[in-house]
Amino acid sequence: MHSDRAPMGLKIAAGAGLLFMHLPLLLIFVYAFTTEDKSYQWPPPGLTLKWFAVTWNRPDVWAALSLSLKVASISTAVALVLGTLCAAAVSRSHFFGREVISLMVILPIALPGIVTGIALRAAFNLGDIPFSFWTIVLGHATFCVVVVYNNAVARFRRVSGSLVEAAMDLGANSFQTFRYVILPNIATALLAGGMLAFALSFDEVIVTTFTAGQQQTLPIWMLEELVRPRQRPVTNVVALVVVLVTFIPILAAYYLTRGTDTVAGQGK
Amino acid sequence: MEFPMTIAVSFRGVSRHYGQVRAVDNVDVEIVEGEFFAMLGPSGSGKTTCLRLIAGFEQATRGEIEIFGTSMAGVPPYRRAVNTVFQDYALFPHLNVVDNVAFGLMVAGVPKAERLAAAEATLDLVQLADYGARKPSALSGGQRQRVALARALVNKPRVLLLDEPLGALDLKLREQMQDELKLLQRKLGITFVFVTHDQGEALSMADRVAVFNEGRIAQLGSPEDIYYRPNTPFVADFVGSANVLPPHVMKAVIGKELHGALRPEAIKLRDDGPHEATVRTTNFMGASTRVTMLMDGVQINADIKKGHAIPQVGAKVRLGWNDEDLHVMLGQE
Amino acid sequence: MIVERISDTLWRRPKLLVVLLLTPPALWLGIIYLGSLFALLAQSFFSIDEFSGLINYEFTLKTYGELFIPANYDIILRTVTMSAAVTIAAAIIAFPIAYFAARYARGRWKAIFYLGVMLPLWSSYLVKVYSWKLILAKEGILNWGFEKLHLGWLLQAYLDLPFFGGNSLSTSVTGTFLVFLYVWLPFMILPIQSALERVPVTMIEAAGDLGAKPRQTFRHVLLPLALPGVIAGSIFTFSLTLGDYIIPQLVGTSRRYIGQAVYAHQGIAGNIPLAAAFAVVPILIMALYLWAAKRKGAFDAL
């Protein structure tokens, strides 16, 4: 077999690239402890934990966080239902509209966020719908569907058709077949898709700025802070927390779908 | 067959069309209760579609299907007293073996203790008594096949359908399973409907065989009937590659312009034989040697047993057969 | 009893099931999303009355015409150039990573590379941009590094360059470029890796068996097979850069990009038609790009 050892140059290039992707994030962790609060001075003049306490006491941070969590939860729920329905329909029958559905589902995430954002805002204006919690959810759910859809479709493909026939043959009607055979076999894919959808919604900023009106999700809060900084280290602390929090669903989604033919997350 | 016979499955004028394609074309058949019925034919001949029509996975475009006298029109699979052993076994990957087997009982609402006991008993029947806790992925092909069988049998179906269940097994395992299935069927007395493309399998296991060709039944009869007295050139060729003598040759032999079937083992190479042929190939096959010859423009296969002289390739030989071994075929194709 | 009836009907009419399954998502995506896209498209054919500032709901191509005045045209050109530069750079940097991960990483390393790409990919976009603000700041780590290596003069010389430089890296085109590159890099790595993983080992062996040296195998077998992956990745990087308005706002000069133009015009100015016209530009460019990419078979790598 052709040599299994990579050339040294390749190893260095690959390793350097990987490092390049992670160092900036690690940097933020350090900045969260700095004593300097007026600039981004490096190296940090001192290290302290006090900013964590300060952040804890900022009501606007909590408000933004709780809104983000609520929006992410509901959008994920909606995306789970719609994504699964679409995936089930597309995988069940070979009808001509399959490609169309796939395209429609992927469009919200394929088009630039600003296009989706402005289109949704235009639609809300036309329909005289005031900005609210639900307009944010509507926007988020729309592009979260594709994440669930990709995971579900890949898994449906693996659930062989003869399993459904076997279940019916053994006496299970349509609902029982869904509950006892189909659902258990797609559960982990749905879970993975749901987690990724949650992470996606939690982090989204572009479409949200167009659909949020006066409200602040955590990313919008952060954007405000970036443009008009109040207390830089507080932003650093929030950034640190956000990175850690999104870490978890990604890791979980990975372990849930590891070893299968579509590992979660590649469909972004 | 004992009289009076109950008809387990009956097809009357059944057709299944897919657009222009006629997968099943006007089939009539009556399967008797308690018999081991084989549906034999090449791929695309309609045998699997017929099986699926009995199971309920397909609906007939035309004709009536009855199971024990009740019409199955519009009846979904989960309401038929019929169970299937699938070609790919279709075991539920998320359940262990005993839960797989007990599945049918579970959806029927049988209480847990009872259905687990029944499942264990059936697993015992197929000699997988201690395998209950395993997952299907941890089983070999032969073991999975037995689980599929147990899963179907535990529901005490009145008809058991088997869709080429032995196809994925190696030769030795296949022969062993053939014996076991036959014994099982005798013991349980259930009607077995078995689909296969392997004619040896069909002939050795079945009480009656239906040979399918292009959506129709070419011949229906006992294994001996099919083997020794094929009706049509297709059946003769498909089942055991009998020699088909075309009408022009038959005219010289018996004076009638019909097709004739002659089994390879019936041909005798005799110096005083009435027919002449040229040897083309000889193949040693173990118990016999297959000699292919050209006689009157027709390819003739002869199986020469050990102990008899094997002619050289290219040699001219004379051959003959007993009159009763030549079967005149009255059917059309 | 009702459950049984419904179950039977669904079984008897499988098409009904499909319709039922598809109606909710179709309603949502079709009406809400596609509807608003068309609303947007429609708006671009209206114009704004210069005096009253109100939208004139009459069909006209005047708004599209405005895209060609130098100030606006500059914006489009600038954005497209940046997108192209980012795409090319991303392809070059991503390739070794993807190549190593696809062909040589085994066991633990495979997991490391996988998570190593996934985590930055799914990490907060804003946090990533923010981290570069920290890095590029005048008092930040990059400057500090250059000083420490006594290369401060080099950095200053670069910043003095007319187009690429600026007051600090944080307010220069180079800064914008670096941030775009960093944020979109994982989107380029994954499709390339995917495409390379699809190349069966036996194909590499066959090439060697037929006499090709490793470098030739790379050039004539692996590179062409990786190309669809590169194209797929480029779709992401190009499209994402075209529409972004946050990164140029936070890092870079005050010159505008398409995204910012769209945002600005639909904001206080209320010039929705012009904003819509600007928004249509990336859609058109991407549609063209996608069509060309489809012809090259890039969609298998997605």
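The values are calculated or read from the model by the stated rules, or taken from the named source; none is laboratory data. Not measured: the values here are computed from a predicted model. Glycine gets a Cβ as well: all are built from the backbone with ideal geometry, and neighbour counts include every protein chain shown.
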Can you name every residue in region B:200-230 that is part of a helix (DSSP H, G or I) and over 15 Å from B:PHE37 (Cβ atoms)?
B:GLY200, B:GLU224, B:TYR227, B:TYR228
Complete set of residues in region C:22-52 that are within 9 Å of chain A (Cβ to nearest Cβ) and among the polar types (S, T, N, Q):
C:THR23, C:SER36, C:GLN43
Any chance region C:97-113 includes a residue that's under 24 Å from C:PRO228 (Cα atoms), within 7 Å of chain A (Cβ to nearest Cβ) and among the hydroxyl-bearing types (Ser, Thr, Tyr)?
yes
Quick one: which helices (runs of 4 or more DSSP H) lie wholly within region A:1-104 and hold at least 2 residues that are hydroxyl-bearing (Ser, Thr, Tyr)?
A:59-92
Quick check on my filter: what residues within region C:152-194 are of a type in the set (S, T, N, Q), buried (at least 22 other Cβ atoms within 10 Å of the Cβ) and at pLDDT 80 or above?
C:SER172, C:THR176, C:GLN193
Residue that is within 19 Å of B:LEU188 (Cα to Cα) and assigned by TED's automatic domain parsing to the domain that holds B:ILE54, where the choices are B:LEU162, B:LEU95:
B:LEU162
Does region B:109-124 contain at least one residue that is crowded, with 17+ Cβ neighbours inside 10 Å and within 27 Å of the chain's Cα centre (by Cα)?
yes
Which numbered condition A:ASN151 misses (of (1) buried (at least 21 other Cβ atoms within 10 Å of the Cβ); (2) within 12 Å of chain C (Cβ to nearest Cβ)):
(2)
Tell me yes or no: at least one residue of region B:240-260 is within 24 Å of B:ALA302 (Cβ to Cβ), in the same structural domain as B:VAL32 (by TED's automatic domain parsing) and within 17 Å of the chain's Cα centre (by Cα).
no
Would you confirm, using the coordinates I've provided, whether B:THR70 is touching a residue at least 60 places away in the same chain (Cβ under 8 Å) and of a type in the set (Val, Ile, Thr)?
no
Answer residue from region A:107-134, given it is assigned to a helix (DSSP H, G or I) and surrounded by fewer than 21 Cβ atoms within 10 Å (Cβ to Cβ) and is farthest from the other protein chains (Cβ to nearest Cβ) among those
A:PHE133
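Just the residues that are surrounded by 24 or more Cβ atoms within 10 Å (Cβ to Cβ) and farther than 14 Å from C:PRO24 by Cα, please, taken from region A:135-148. Spell out the reasoning first.
So in region A:135-148, the residues surrounded by 24 or more Cβ atoms within 10 Å (Cβ to Cβ) come out as A:136, A:139-148.
Once the filter is applied, which keeps residues that are surrounded by 24 or more Cβ atoms within 10 Å (Cβ to Cβ) and farther than 14 Å from C:PRO24 by Cα, region A:135-148 yields A:ILE136, A:GLY139, A:HIS140, A:PHE143, A:CYS144, A:VAL146, A:VAL147, A:VAL148.
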Of (1) touching a Gly at 6+ places or on another chain (Cβ under 8 Å); (2) modelled with pLDDT of 85 or more, C:TRP122 fails just (2)
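Restricting to region B:48-63, name every residue that is more than 12 Å from chain A (Cβ to nearest Cβ) and not β-branched (Val, Ile, Thr). Lay out the reasoning, then the answer.
Residues of region B:48-63 more than 12 Å from chain A (Cβ to nearest Cβ): B:48-50, B:53, B:59-63.
B:CYS50, B:LEU53, B:GLN59, B:ALA60, B:ARG62, B:GLY63 - these are the residues of region B:48-63 that are more than 12 Å from chain A (Cβ to nearest Cβ) and not β-branched (Val, Ile, Thr).
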Only residues that are under 20 Å from the mean Cα position of the chain (by Cα), of a type in the set (Gly, Ala, Ser) and crowded, with 21+ Cβ neighbours inside 10 Å: list them for region B:136-161, please.
B:ALA148, B:ALA152
Residue satisfying all of: in region A:56-85; of a type in the set (S, T, N, Q) and within 14 Å of the chain's Cα centre (by Cα); farthest from A:GLY193 (Cα to Cα) among these
A:SER68
Assuming C:VAL19 fulfils every condition listed in (1) surrounded by 18 or more Cβ atoms within 10 Å (Cβ to Cβ); (2) of a type in the set (Val, Ile, Thr); (3) within 12 Å of chain A (Cβ to nearest Cβ) apart from one, which condition is it?
(1)
Elements of type strands (runs of 3 or more DSSP E) in region B:1-42, at least 3 residues being under 24 Å from B:GLY200 (Cβ atoms) and over 16 Å from the mean Cα position of the chain (by Cα):
none
Does C:LEU169 satisfy being more than 18 Å from the chain's Cα centre (by Cα), assigned by TED's automatic domain parsing to the domain that holds C:ARG255 and in contact (Cβ under 8 Å) with a residue 24 or more places away in the chain?
yes
Note on region C:201-215: residues exposed (fewer than 10 other Cβ atoms within 10 Å of the Cβ) and under 35 Å from the mean Cα position of the chain (by Cα) are C:ARG215
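Hey, among the residues in region A:15-55 that are more than 26 Å from the chain's Cα centre (by Cα) and either of a type in the set (Ser, Thr, Tyr) or within 30 Å of C:PRO96 (Cβ to Cβ) (or both), which one's farthest from the other protein chains (Cβ to nearest Cβ)?
Within region A:15-55, the first condition is being more than 26 Å from the chain's Cα centre (by Cα), and the residues that meet it are A:15-16, A:33-51, A:53-54.
Subsequent filtering for residues that are either of a type in the set (Ser, Thr, Tyr) or within 30 Å of C:PRO96 (Cβ to Cβ) (or both) retains A:15-16, A:34-35, A:39-40, A:42, A:48.
Details: A:GLY15: 8, A:ALA16: 8, A:THR34: 10, A:THR35: 14, A:SER39: 5, A:TYR40: 4, A:TRP42: 4, A:THR48: 17 Å.
Applying the filter and picking the extreme gives A:THR48.
Would you check if C:ILE247 is of a type in the set (A, V, I, L, M), under 27 Å from C:LEU290 (Cα atoms) and facing another protein chain (nearest Cβ under 9 Å)? Spell out the reasoning first.
Values: of a type in the set (A, V, I, L, M): yes; under 27 Å from C:LEU290 (Cα atoms): yes; facing another protein chain (nearest Cβ under 9 Å): no.
No.
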Taking into account only those residues within region C:262-272 that are of a type in the set (A, V, I, L, M) and more than 10 Å from chain A (Cβ to nearest Cβ), which is surrounded by the fewest Cβ atoms within 10 Å (Cβ to Cβ)?
C:ILE268
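What helices (runs of 4 or more DSSP H) completely inside region A:160-212 contain at least 2 residues that are within 7 Å of chain B (Cβ to nearest Cβ)? Don't jump to the end; show me each part of the working.
On the way: elements: A:161-169, A:174-177, A:183-203, A:206-211.
Counting at least 2 such residues, we get A:161-169, A:183-203.
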